[in-house]
Structures are given as C-alpha cells and as structure tokens.
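Data block below; observations after.
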Amino acid sequence: MKKLKNKTCALIFSIFSIVCIAVVVGYNVNTYNQQMENTRGKLAQIERIHRNNRSSKQLVFMDAEAYVVTYTINGDIFRITNYTDNGLTDKEVREMVTGLNLNKTKNIGNLYFNHYVYQWQRSELVILGTSDVQSYLVRSLVSSLIGWIVMEFVFMYISWLLTKWLVKPVEESFEKQQQFIYDASHELKTPLAIILASAEALESDPKETKWLTNIKSESQRMNQLVMDLLELSKLDDMRNKEVFALCDLSEVILTKSLSFESLMFEQQLTLDTQIEEHIMMRCSADRMKELLSILLDNAIKHAFSQSTIVVSLKKEKDTIALAVQNAGEEIPANQRDKIFERFYRVDKSRNRDEGRYGLGLSIAKSIVTSHNGTIGVNCAEGITTFTVCMKQE
C-alpha cells in the first residue's frame with residue numbers, strides 16, 4: 001500500500017510539474033518572441049529614419065541607444081551616426097563597434113546575452129543597445145523560475161492530498177479484505193481443531209460414537225460457512241451482471257412470509273403481514289426470497305416469546321419499501337452501522353453457539369445493493385425494524 005501511495009503521488013506530482021514547466025517555458029518563449037519583434041521593429045525604424053534623414057545628425061532617440069555605421073567599399077568605417085544623447089565620441093563608438101565581433105551572416109543575435117544587437121543594411125550597420133531588454137528578460141526568467149519553485153512545493157502538497165483521497169477507497173478495501181481473511185481463518189480454525197481432536201480420539205476409541213457426532217456437526221458448520229462465503233463472492237461478482245425480470249413483488253413477499261408461519265408457531269411467535277397488492281418490480285425473485293428469509297430468520301432469533309413479527313411492503317411514488325419488524329432486545333446504537341459488516345456479531349458467544357457467523361446481514365446488504373437499494377435498521381421502544389428501500393425502474 002505504501003508503494004501504491006508513493007507511485008500515485010509521484011505520478012500526480014509529475015503531471016503537475018510537466019504542466020507547470022510547460023507554462024513557465026511557454027511564458028518565457030512568448031516574452032522573448034515579443035521582445036525580439038520589438039527589437040526588429042526598432043532596428044527597421046532606425047534604418048528607415050536614417051535613410052530619410054541622412055544629413056541630420058541632431059535626431060535623438062529618447063528611449064533607445066542607436067547607431068548607424070557606414071562602411072566604404074573596402075570595409076573601412078566611413079561615418080558613424082549617433083542617435084543617442086549619451087556623449088560618446090566617434091572614437092568610443094568605433095571601439096565599441098570593433099568589440100562586437102561582427103558577422104555579416106548574423107541577424108540580431110541572442111537578447112539574453114548581448115548588450116547590443118545589430119543588423120546589416122547593405123554597406124551600413126544598424127546597432128541598437130538592448131541592455132534594458134536584457135534586464136527585462138532576465139527579470140522575467142528569474143521571476144518565473146522562483147514562481148515555478150514555489151508552485152512545485154504547492155503541487156507537492158496538493159499531490160499528497162489527492163493521493164490520500166484517491167488511495168483511500170483502495171486502502172479501505174484492502175483493509176476489509178485483510179480483515180475478511182483473518183475472520184474467515186479464525187472462524188474455520190475452531191471447527192477444524194474440534195474435527196482433528198475428535199478424529200484422534202476416535203482413532204483411540206473407535207466404539208465411541210460421540211466423536212463421529214462432533215466431526216459431523218463441525219463439518220456441517222464449516223460447510224455452512226463456506227457456502228455463505230461462496231454466496232457473498234457470487235453476489236459481489238454478479239452485482240452488475242444479474243438479469244432481472246418484472247415480477248409481482250407483493251406475491252413473492254407474501255408467499256415467502258407465510259412459509260415461516262410454522263416455524264414462528266413453534267417459537268410462540270405471530271406473523272402479521274401488511275403487504276400492498278400487485279406491486280410490480282424488475283428484480284430477481286429468488287434474491288428477494290433470500291433477502292426476506294435472512295431478515296425473518298434474524299427477527300425470529302431475536303424476538304421476544306409470544307410477540308409479533310410484522311412484514312410490510314408498500315410503495316410511495318417510485319420507491320418500494322420492505323420492512324421486517326420484531327419486538328426484542330435493541331441493538332446498541334454504536335453497533336447499528338456495523339451489523340452489516342461481514343463476520344460482525346452483536347452477541348458473539350451466543351451466535352457462535354448457534355452456529356451463526358455474522359454473514360446473513362452481509363448477504364442481505366449485497367442483495368439490496370445489487371438492486372440499487374439501501375438497507376438500514378432502526379430501534380425504538382423495544383422494536384427493531386429492518387427497512388429496505390428500492391427504486392422502481
């Protein structure tokens with residue numbers, strides 16, 4: 001799980017970083033291109049003004065350092081025109097021009113590294129000072145890099161938060177799986193130990209039948225547990241695959257409820273059915289029977305003697321509500337959300353003695369979930385009610 005978190009965090013952070021780097025690079029490239037266009041425009045402007053005012057030496061650019069150097073056919077400097085009021089003499093300008101390492105095939109040059117850029121116009125060289133442009137570009141680059149570094153820390157924190165949010169369902173599922181394996185192993189350990197001990201005792205005393213009885217009883221318990229686990233696995237696998245058919249849910253619920261009357265009679269319980277007629281629903285009739293069987297079995301196990309168990313089915317707008325109600329000991333408030341978890345039992349000792357593993361309500365929840373419904377429990381004044389709500393398609 002730690003490796004998954006690290007890989008997820010690294011992936012999210014990498015995506016953020018790539019996007020951020022692309023933005024920084026794009027911003028600086030765009031800024032550089034804008035300054036390059038401005039520089040080309042100024043060079044063209046200087047050349048145009050010089051061509052139209054060759055006899056004027058008093059024209060001065062207030063926002064640019066500009067020179068035009070005229071060469072002879074032999075390549076010697078013939079004239080220097082200074083369009084900047086910086087007090088430089090022709091000799092000083094000549095020395096500056098000599099230090100430029102002129103290349104007639106070069107066009108403008110790199111604005112990040114050069115204090116001057118130049119452009120050839122036949123026998124004339126147009127020179128433009130770009131110290132201000134260079135400073136602006138460097139400041140923009142440094143500012144964007146600082147912003148990028150700050151954003152990297154912000155992205156690192158965001159990546160960590162997103163990783164926690166994304167991995168949380170996987171982590172919870174993994175923990176539930178681990179707990180499920182532990183609980184299943186724990187439940188199987190006891191009957192296996194009894195079977196092994198009984199087999200050893202039977203080997204020592206073959207005539208004692210109680211050892212065979214123990215082996216048979218514990219084998220049946222293990223078989224029931226395995227069947228329940230397979231049922232849960234099957235429900236999880238078929239949650240989105242099971243084919244539903246339109247059926248009369250009222251008839252299904254009523255018929256299944258009446259099949260429990262004899263069992264309730266033995267337990268000195270009374271059945272009360274409050275079922276609306278002809279409620280049609282697209283569902284699995286077998287799953288609905290299984291769901292009701294689990295809820296009724298649970299109600300019978302926990303109902304007070306000589307009390308009444310109520311099964312109700314009604315429809316309100318597009319919602320169908322199935323409820324099973326019994327009078328008995330209330331489920332503690334802090335355990336009502338847990339009873340649908342696998343292997344969870346409110347009274348662990350009594351349920352184990354009765355061969356119950358805490359899987360019934362988990363199966364019931366899986367059935368309800370497969371029908372896009374919800375199941376919950378409510379306890380009030382000694383009455384426990386399990387309610388299933390399903391949308392009618």
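The values are calculated or read from the model by the stated rules, or taken from the named source; none is laboratory data. Nothing here was measured: the structure is a model prediction, and the numbers come from that model. Here the Cβ is made from the backbone with ideal geometry for all residues, glycine too, and neighbour counts use every protein chain on show. Side chains included, ligands, DNA and RNA excluded: accessible areas come from the protein's heavy atoms. Shrake-Rupley method; radii C 1.70, N 1.55, O 1.52, S 1.80 Å.
Note on residue 230/residue 261: beta-carbon distance plugged into 1/(1 + (r/R0)^6) with R0 of 30 Å gives a FRET efficiency of 0.50. Among the chymotrypsin sites (Phe, Trp or Tyr not before Pro) in segment 106-153, those placed in a DSSP loop whose Cβ has at most 14 other Cβ atoms within 10 Å are 112, 113.
In a DSSP loop and with at most 15 other Cβ atoms within 10 Å, the GluC sites (Glu not before Pro) in segment 186-227 are 208. Only protein heavy atoms count here; on that basis, with a 1.4 Å probe, residue 374 has an accessible area of about 90 Å². The reciprocal of the average 1/r between distinct C-alpha atoms defines the Kirkwood hydrodynamic radius, which for segment 241-338 equals 14.4 Å.
Coupling constants for segment 311-319 follow from the phi torsions by the Karplus curve (6.51 cos²θ - 1.76 cosθ + 1.60, θ = phi - 60°), and in residue order they are 10, 10, 9, 8, 10, 10, 6, 9, 10 Hz; glycine and proline get x. Distance between the 7 Å Cα→Cβ label points at residue 304 and residue 334: 2.6 nm. Spin-label model, residue 132 to residue 92: label points 7 Å out along the Cα-to-beta-carbon direction sit 1.9 nm apart. The length gained on full extension between residue 40 and residue 317, counted as 0.36 nm times the residue separation minus their Cα-Cα distance, comes to 92.3 nm. Potential lengthening of the chain between residue 122 and residue 272 amounts to 43.1 nm, from the contour at 0.36 nm per residue minus the alpha-carbon distance.
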